[in-house]
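See structure below.
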Amino acid sequence: MMSSNSCTNSSINGFYNMLNQGLNELHQSFLSHNFMSFQFLSQVISSLQSFHSQLTLLVRKLRLPVGGKWLDEYMDESSRLWDASHLLKSAISGMDNYYSSAINIASSLDGYHHFTPEFSRQVIRAINVCQREILGMEEENKSLTETRIQPLSQCLNQNMNICMDSNSKLNGFSGFRGVLFAMRSVGSLLVMILLCGLSYCWSSSCFHQVGGGSYHEGHMVFGSGFMVSMAILQQKVAEEIDNNEGHPGILFFEFQQAKIAMEELKVMLETIACYNNEQNGEIQEKVENVKNCFELLRCSVETITGQLDDFFDEIVEGRKKLLDMCTNR
C-alpha cells in the first residue's frame, strides 16, 4: 500500500507535470497561430482556469492542517488572479463601443453604389470619431496596465531566483508552498501575456529574463521541467514583441486587423473626397472587409469576456470549497 508521503509526492509531482504539459501546449499554440491571436489568448485563459482548478483539487488531496498559513497564502494568490482578471475584463470591455460603431458604419454603406465626395467626407467623419474612441481607450488601458505589469515582471523574476537559489524553502506545508510558488510564477507570466495582448503593450522589457538563459541549465522544482517550459514561452513572446513592427498599444491580432481594415476604407474614401474619383467596386470590397473583421473582433471579445467570467466563478468556487473543507474538519 502506498504511504502517505508517497501519495503526497505523487500528487505534487503530478501538478508540476500538468503545468509543464500545459505550458508546452501554449507554446505550440503560440507557434501555430498569429501573434496574440484570439485562439492563443483564449487558450491562455483556459490554461489559467485549468491550473487554478487543479490547484484546488490538489489542496484537497494533501490534507493540510485546518487554519494553517497555507490557506492565507492560497487566498492571497487567488485574490491576485481575481484582481488581474477584473483588470483584463475592464480593458477588453472598452472595445464594445468601438466594434459596434464600426459595424454600424459598415452596415450603413452595405450596397451603397454612389460615393460622392460629400458623402465620403461624412463617412470619414464617422470613422474619425470611431478612431478617436479607440485612441482614448488605449490611453486609459495604458495607465491601468502600467501599474500592474511592473509588479508582475518583478514577481516573475523574483520567483525564478527563488527557484534557483533556495528549493528547500519550497517544501513547506508538505510541499504546497512550492506548488503556490509554481502557480504564482506561471500565473504572473500568463497574466502579463494577456495584459499585453488585450490591454496595452509598449515594449518587451517585462518579458526579458533576469540571468539570461540560466533557467535552461537544469534549474527545476522537485524534478519538474515547468520552469524551463515557462522560460521558453516567456522568451518567445519577448522576441515576437521585439519583431512586431506596429506601434505600442493593444496587440490583439483581431483588433489590429480590424483597425487596418477601417484605415484602408478611410484612405479610399479620402481619395474620392479629394479627387472625385469614384471606385465603387473596390469600396464595397473594403466595406465588406471592415464588416468581416469587426464581426470577428466582436465574437472574439464576447468569447474572451465569457471565459473571464467563468474564471471568476472558478476562483470563487475554489475559495468556497477550501473554506468549507476547513470548516467541516
Point to revise | In the range 111-128, residue modelled with the lowest pLDDT [restricted to those that are farther than 15 Å from E264 by Cα and exposed (fewer than 11 other Cβ atoms within 10 Å of the Cβ)] | key: H113
Revision key, fill the gap. By residue number, the members of the range 285-329 that are under 20 Å from the mean Cα position of the chain (by Cα) and of a type in the set (S, T, N, Q) are S300, T303, T305, Q307
Point to revise | Residues being farther than 20 Å from M227 by Cα, surrounded by fewer than 15 Cβ atoms within 10 Å (Cβ to Cβ) and in contact (Cβ under 8 Å) with a residue 60 or more places away in the chain - total across the range 17-44 | key: 1
Check your understanding: What pairs come up if the first residue lies in the range 299-324 and is over 19 Å from R63 (Cα atoms), the second is basic (K, R), and their beta carbons are under 6 Å apart, counting only those six or more places apart or on different chains?
Key -> L308/K89
**Study point:** Number of the exception - E118 against (1) touching a Cys at 6+ places or on another chain (Cβ under 9 Å); (2) within 27 Å of Y275 (Cα to Cα)
**Key:** (1)
**Study point:** Pair list, Cβ under 6 Å, 6 or more apart: the range 67-91 residue touching a residue at least 24 places away in the same chain (Cβ under 8 Å), other residue among the β-branched types (V, I, T) and in a helix (DSSP H, G or I)
**Key:** S78/I315; W82/I315; A84/V191
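Each row is one residue, and each column tells you yes or no for (1) under 30 Å from D242 (Cα atoms); (2) among the small types (G, A, S); (3) touching a strand residue (DSSP E or B) at 6+ places or on another chain (Cβ under 9 Å).
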| position | (1), (2), (3) |
| --- | --- |
| F30 | yes, no, no |
| F40 | yes, no, no |
| Q43 | yes, no, no |
| S46 | yes, yes, no |
| W70 | no, no, no |
| D76 | no, no, no |
| W82 | yes, no, no |
| F119 | no, no, no |
Exercise for review: Looking only at the range 48-67, count how many residues are hydrophobic (A, V, I, L, M, F, W, C) and over 16 Å from Y16 (Cα atoms).
Suggested key: 2
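Those residues that are in a loop (DSSP other than H, G, I, E, B) and either over 17 Å from Q235 (Cα atoms) or aromatic (F, W, Y) (or both), I need them from the range 34-66; list them, please.
Selection gives F35, S37, R63, L64, P65, V66.
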Revision key, fill the gap. Of the residues in the range 45-96 that are touching a helix residue (DSSP H, G or I) at 6+ places or on another chain (Cβ under 6 Å) and closer than 30 Å to V287 by Cβ, the one that is surrounded by the fewest Cβ atoms within 10 Å (Cβ to Cβ) is G94
**Study point:** Those residues of the range 85-110 which are more than 23 Å from D310 (Cα to Cα) and not in a helix (DSSP H, G or I), in sequence order
**Key:** D110
Check your understanding: Could you say whether any residue in the range 206-229 is out of contact with any Lys or Arg (no Cβ under 8 Å at 6 or more places or on another chain), modelled with pLDDT of 90 or more and surrounded by 15 or more Cβ atoms within 10 Å (Cβ to Cβ)?
Key -> yes
Study note, to complete from the structure: Of (1) surrounded by 13 or more Cβ atoms within 10 Å (Cβ to Cβ); (2) modelled with pLDDT of 65 or more; (3) more than 22 Å from S85 (Cβ to Cβ), T145 fails just (3)
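Inspect all residues belonging to the range 251-274 and state whether any of them is outside any helix (DSSP H, G or I) and either in contact (Cβ under 8 Å) with a residue 12 or more places away in the chain or among the β-branched types (V, I, T) (or both).
yes
The values are calculated or read from the model by the stated rules, or taken from the named source; none is laboratory data. The structure presented is a predicted model; accordingly, all values stated were derived computationally and were not measured. Heads up, the Cβs are rebuilt from the backbone with ideal geometry, glycines too, and the neighbour counts pull from every protein chain shown.
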